[in-house]
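The structure under discussion appears below in the form of structure tokens.
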Amino acid sequence: MLALGLDIVKGNPLSRTSPPVYAVVIVDDKGKIITETAEAPLNTVIRLCWDYSVNRLGIDNIYELAPTSRDIARILALLPSHTEVYQVTID
């Protein structure tokens, strides 16, 4: 199992002129870092999920991906079907 964690480094999902850029890390089930990226746009995050066949994606707040539920649904549709998304700040 591989998990991808991400957090916004700069930018804002509400902004058209300054879209979010994420820090990304992918770890295996033993906690070993598989890859990490200091700054990645959303399309790179999606590509990493496909390239590494990520099982879980963890994020502080789902709205860090996009500003509306409709936009979030569009992004989730781009992820591999087996990838589960977790908002890590909720039990």
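The values are calculated or read from the model by the stated rules, or taken from the named source; none is laboratory data. Source: prediction; values computed, not measured. Heads up, the Cβs are rebuilt from the backbone with ideal geometry, glycines too, and the neighbour counts pull from every protein chain shown. Just so you know, the surface numbers come from the protein's heavy atoms only, side chains and all, with ligands and any DNA or RNA stripped out. Shrake-Rupley method; radii C 1.70, N 1.55, O 1.52, S 1.80 Å.
Quick notes on this structure:
- The string of couplings for the stretch 19-34 from the Karplus curve (6.51, -1.76, 1.60, θ = phi - 60°) is x, x, 10, 10, 8, 10, 9, 10, 10, 8, 6, 9, x, 6, 6, 8 Hz, one whole number per residue in order, with x for Gly and Pro.
- When shorter helices are ignored and each DSSP H run of at least 4 residues is given -39500 (n - 2.57), the per-residue value for the chain at 222 nm works out to -6500 deg cm²/dmol.
- Applied to the stretch 37-46, the Karplus parametrisation 6.51 cos²θ - 1.76 cosθ + 1.60 on θ = phi - 60° returns per-residue 3J(HN,Hα) values of 9, 6, 8, 9, x, 4, 4, 6, 4, 5 Hz, with x for Gly and Pro.
- Calculated on the Cα set of the stretch 1-46, radius of gyration then Dmax: 11.8, 39 Å.
- Across the alpha-carbon set of the stretch 34-91, the Rg to Rh ratio works out to 0.93, Rh being the Kirkwood radius.
- Taking the chain and dividing mean pair separation by its residue count, relative contact order in percent (alpha carbons under 8 Å, at least six apart): 29 percent
- Net lengthening on full extension, residue 43/residue 74 (0.36 nm per residue, minus Cα-Cα): 9.9 nm
- Efficiency of FRET between residue 18 and residue 87 - r from beta-carbon atoms, R0 35 angstrom, step 0.05: 0.90
- Between the helical axis of 69-78 and the longest alpha-carbon principal axis of the chain there is an angle of about 40 degrees.
- Residue 8 paired with residue 34, simple spin-label distance in nm, labels 7 Å along Cα-to-beta-carbon: 2.7 nm
- The stretch 1-50, accessible area per residue, ligands and nucleic acids excluded (1.4 Å, Å²): 61 Å²
- Beta bridges from DSSP with both residues in the chain: antiparallel share about 65 percent, rounded to the nearest 5.
- For the chain, carbon and sulfur atoms together expose 52% of the accessible surface, with a 1.4 angstrom probe and every protein chain in place.
- Rounded to the nearest 20, the Cβ-based charge dipole of the stretch 1-72 about its Cα centre (Lys and Arg +1, Asp and Glu -1) stands at 140 debye.
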